[in-house]
1. Can you pull out every residue in segment 59-77 that is open to solvent by 50 Å² or more (accessible area, probe 1.4 Å), part of a loop (DSSP other than H, G, I, E, B) and out of contact with any helix residue (DSSP H, G or I) (no Cβ under 6 Å at 6 or more places or on another chain)?
2. Can you list residue pairs whose Cβ atoms sit under 6 Å apart, with the first residue in segment 101-127 being surrounded by fewer than 16 Cβ atoms within 10 Å (Cβ to Cβ) and outside any helix (DSSP H, G or I) and the second being at pLDDT 95 or above and not basic (Lys, Arg)? Count only pairs 6 or more apart in sequence or on different chains.
3. Could you list all residues from segment 1-21 that are at pLDDT 80 or above and either polar (S, T, N, Q) or open to solvent by less than 20 Å² (accessible area, probe 1.4 Å) (or both)?
4. Would you confirm whether or not segment 120-135 contains a residue that is under 21 Å from Val213 (Cβ atoms) and basic (Lys, Arg)?
5. Determine which member of the set Arg53, Arg30 is open to solvent by 60 Å² or more (accessible area, probe 1.4 Å) and at pLDDT 95 or above.
6. Would you check if Ala80 is over 13 Å from the mean Cα position of the chain (by Cα), part of a loop (DSSP other than H, G, I, E, B), of a type outside the set (Lys, Arg) and surrounded by 15 or more Cβ atoms within 10 Å (Cβ to Cβ)?
7. Could you tell me whether Leu168 is over 26 Å from His31 (Cβ atoms), hydrophobic (A, V, I, L, M, F, W, C), open to solvent by 20 Å² or more (accessible area, probe 1.4 Å) and part of a loop (DSSP other than H, G, I, E, B)?
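The values are calculated or read from the model by the stated rules, or taken from the named source; none is laboratory data. All values derive from a computational prediction rather than experimental measurement. All Cβ positions, glycine included, derive from the backbone under ideal geometry; neighbour counts span all protein chains shown. Heads up: the accessible areas ignore ligands, DNA and RNA and are worked out on the full protein's heavy atoms, side chains in. Shrake-Rupley method; radii C 1.70, N 1.55, O 1.52, S 1.80 Å.
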Amino acid sequence: MTETADTSSWYTPADAEVDYVGEYRLTVVRHAATTPAASAGAELSAHDPVAARRFAESFGTIETVVDDLGTAAATEGLFAETRADLELVRVGCWGDVIEITDPGLVHRDGSHPVEAEAEALAERYPDAVVIAWCVIDYNMPLGAWKIIHPDGTRLFAADGAKEGDWELDGSVAAVTTAFGITAQDIADADLELGEEGMGPNWDGLCTLALSKVSPLYREGEEGREGRELSVFRVAHTEDAIDDMEEIWLGN
């Protein structure tokens, strides 16, 4: 990639390899308080590229959209291999369901964009479920997870700097109640939902909650088959670039 004025805030060359990989996703499901898409059996709309660009341009970690790279299958994974890949975000807008994958959601030094962006979107869409997470694949995965239900239920969890050290604000029981997650749902998903030491099951709780409000997540990857999303090259904010330089690139 040729450096441009829009992407020149990086210290690391565009072809530098990424030191660490991870998963980073935020999902908004609107009107979840009144007509949950999953329970209503609603069919999702086709992807709206114009709405996807508007959402990307308004997202808190993004300064501007530099280039629209078209659409990709929603079932395709996104793994950054070089620094230039960290400029790529994907946004799906399927009616009431909006999803963004953005490496700028990475956390460091007690700062958690996952929580900040989820809260900002909950304020923007008070009728929506907002669920976000970012997991960094170090020697052991380090993650941050945020769940917001429009009834006011909130949960935030994050790994601490030391093994076994957790930050937890909210109640797993309150989340299961708000989303109508039953004991059978938990058993079927093979989750152990203890308040402490939950480990990688936070991912499972987020996915299970999403499955209760959107058909996109009810059948695993099957709910994504045949769907498209938009791919954008973006210029991130300076704060997001600093976070990505330190965490994904090890600088």
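1. Glu76, Gly77
2. The qualifying pairs are Asp127/Pro150.
3. Step one: filter segment 1-21 for residues at pLDDT 80 or above, giving 9-21.
Listed by number, the residues that qualify are Ser9, Thr12, Ala14.
4. If we filter segment 120-135 for residues that are under 21 Å from Val213 (Cβ atoms), which is where we start, we get 120-134.
Cutting the leftovers down to basic (Lys, Arg) gives us 124.
Yes, there is a match, as at least one residue in segment 120-135 is under 21 Å from Val213 (Cβ atoms) and basic (Lys, Arg).
5. Details: Arg30 fails: at pLDDT 95 or above.
Matching residue, one of Arg53, Arg30: Arg53.
6. Details: over 13 Å from the mean Cα position of the chain (by Cα): yes; part of a loop (DSSP other than H, G, I, E, B): yes; of a type outside the set (Lys, Arg): yes; surrounded by 15 or more Cβ atoms within 10 Å (Cβ to Cβ): yes.
Judged against the criteria, Ala80 is a match.
7. Details: over 26 Å from His31 (Cβ atoms): yes; hydrophobic (A, V, I, L, M, F, W, C): yes; open to solvent by 20 Å² or more (accessible area, probe 1.4 Å): yes; part of a loop (DSSP other than H, G, I, E, B): no.
It is false that Leu168 is over 26 Å from His31 (Cβ atoms), hydrophobic (A, V, I, L, M, F, W, C), open to solvent by 20 Å² or more (accessible area, probe 1.4 Å) and part of a loop (DSSP other than H, G, I, E, B).
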